[in-house]
Every structure is written in C-alpha cells, then in structure tokens.
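Trainee: Got a structure here, written out as structure tokens. Questions coming.
The values are calculated or read from the model by the stated rules, or taken from the named source; none is laboratory data. Since we're looking at a predicted model, the values are computed, not measured. Neighbour counts are summed over all protein chains in view; Cβ atoms, including those assigned to glycine, are modelled from backbone coordinates with ideal geometry. Surface areas here come from the heavy atoms of the whole protein model, side chains and all, with no ligands, DNA or RNA. Shrake-Rupley method; radii C 1.70, N 1.55, O 1.52, S 1.80 Å.
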Amino acid sequence: MPIAKGSTINPARTRAAIVEEAIPLLYERGLDGIGVAELCARVGVSKETLYRHFGTKEGLIEAVLRERSERVTRWLTEAVAAVGDDPRNQLTAVFDALQEWYGDPVFRGCAMLNAAAQHHVEAVRAITARHLDRHLELLTGIARRAGAADPHLLGRQLLMLFEGATVVAAHQDTADAGEHARKAALTLLSAARPAGPHD
C-alpha cells in the first residue's frame, strides 16, 4: 500500500485500507490460517505499520470482524427495507439474500461463527455475540410487525433457522439451504400469530 509521492499520510485512511484488504483474506484463510509476515505481504504493509495501527494481529482481527459485522447488518437491513412494510415479504427478503450469498463462490460460512470457533478469545466471542444480537433485533422486529404473540421467542427461532441454514450451506450443500429455511421461517411466522376470535 505505497503512498504516492507528494501525498500526506492519513492514519484513518491507512487503517481503513488495511482492514479492507484483510477482510477477504482472513475470511478465505481463517484467522489462524495465515501468519503475520504473510498477512502483511498480502495486505501490502510492513509489520511496523500493522502494529502501529492495530497493536497486534489480534487488534486487526477484531477490527476486521467489527467492520464485517457492520457490513452484513447493513446489507440485511437494506434488503428488508427494500421490500416495504409487509413482514412476510421482509422475512422472505432475509432468506433470499442468504440464498444468494450461499451461491457466491467465495462463501465460507458465517465469518463471525467461524471466528468464534477458530479463535477462542473473549474479544472475538464478544464481537460474535453482538453480531448475533443484531440479527436477533432484525428478526424480532419482523416478528413484532407480524403481530407474533411472543416476538422475542419467534425472533430466536428465526435466528436459529438463519444460522442453521448458513452452517448447512457452508458444510454440506449450498443448493437450497436458504430456500428450505425461508419456507420454515414463513410457517413459523404464520403459526406465531395469536388466534383471532373466529379461529
């Protein structure tokens, strides 16, 4: 990541550029699948630059995971917002987005769950927990708008389908994991509404 002659060094921009380069690399290779020397060579910075901006490789890993979580949350939130106010359409949009992701050649499963499984560090586990909390908030909001009798319970059930489909797609078959999960999610959504006076 050489600096063009005559330009000034912007620490925030340099840090963001390192994170940007590291995101796909750490996702593909795994957090522990690449050493600091190779990581720096692939990203295009010296060890000194890496350590100056992140302290350690752990610091870079945490920054990468936080940024990836922000992007995934924004991607799903935008997918939900794009289909309007109907909760069934919103839930369909979530699982359709997942199925599209599963078809990406670089798909390797959920980066957060991979990180927590590969890297038994409290900071990584905390980032993963917050990431799942964001998914839960999104799904619980859909459940609430659908009039579920217990939106939080339904949100947790939908989260289990969401993450379960991602694990199946990553480790068994990407073909239709999202579609099967979507059908199950819509069935849960319908069943979770309180019975009306004529039911």
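Trainee: Within the stretch 41-61, can you find the residues that are assigned to a helix (DSSP H, G or I) and touching an Asp or Glu at 6+ places or on another chain (Cβ under 9 Å)?
Mentor: R42, V43, F54
Trainee: How about the stretch 50-80: which of its residues are under 17 Å from V124 (Cβ atoms) and either buried (at least 19 other Cβ atoms within 10 Å of the Cβ) or hydrophobic (A, V, I, L, M, F, W, C) (or both)?
Mentor: F54, K57, L60, I61, E62, A63, V64, L65, R68, S69, V72
Trainee: Taking Q99 as the residue in question, decide whether it is more than 15 Å from the chain's Cα centre (by Cα) and open to solvent by less than 60 Å² (accessible area, probe 1.4 Å).
Mentor: Taking the combined requirement at face value, the residue does not satisfy it.
Trainee: Now for a different question. Kindly evaluate E67 against the criterion of being of a type in the set (D, E, K, R), over 22 Å from A185 (Cα atoms) and modelled with pLDDT of 95 or more.
Mentor: yes
Trainee: Right, next: Any residue at all in the stretch 113-132 that's within 17 Å of V94 (Cα to Cα), open to solvent by less than 30 Å² (accessible area, probe 1.4 Å) and not in a helix (DSSP H, G or I)?
Mentor: The answer is no; no qualifying residue exists.
Trainee: Of the residues G147, G178, G155, which is touching a residue at least 12 places away in the same chain (Cβ under 8 Å) and exposed (fewer than 15 other Cβ atoms within 10 Å of the Cβ)?
Mentor: Among G147, G178, G155, only G147 is touching a residue at least 12 places away in the same chain (Cβ under 8 Å) and exposed (fewer than 15 other Cβ atoms within 10 Å of the Cβ).
Trainee: Looking only at residues in the stretch 162-175 that are open to solvent by 10 Å² or more (accessible area, probe 1.4 Å) and out of contact with any His (no Cβ under 9 Å at 6 or more places or on another chain), which one is nearest to R144 (Cα to Cα)?
Mentor: G164
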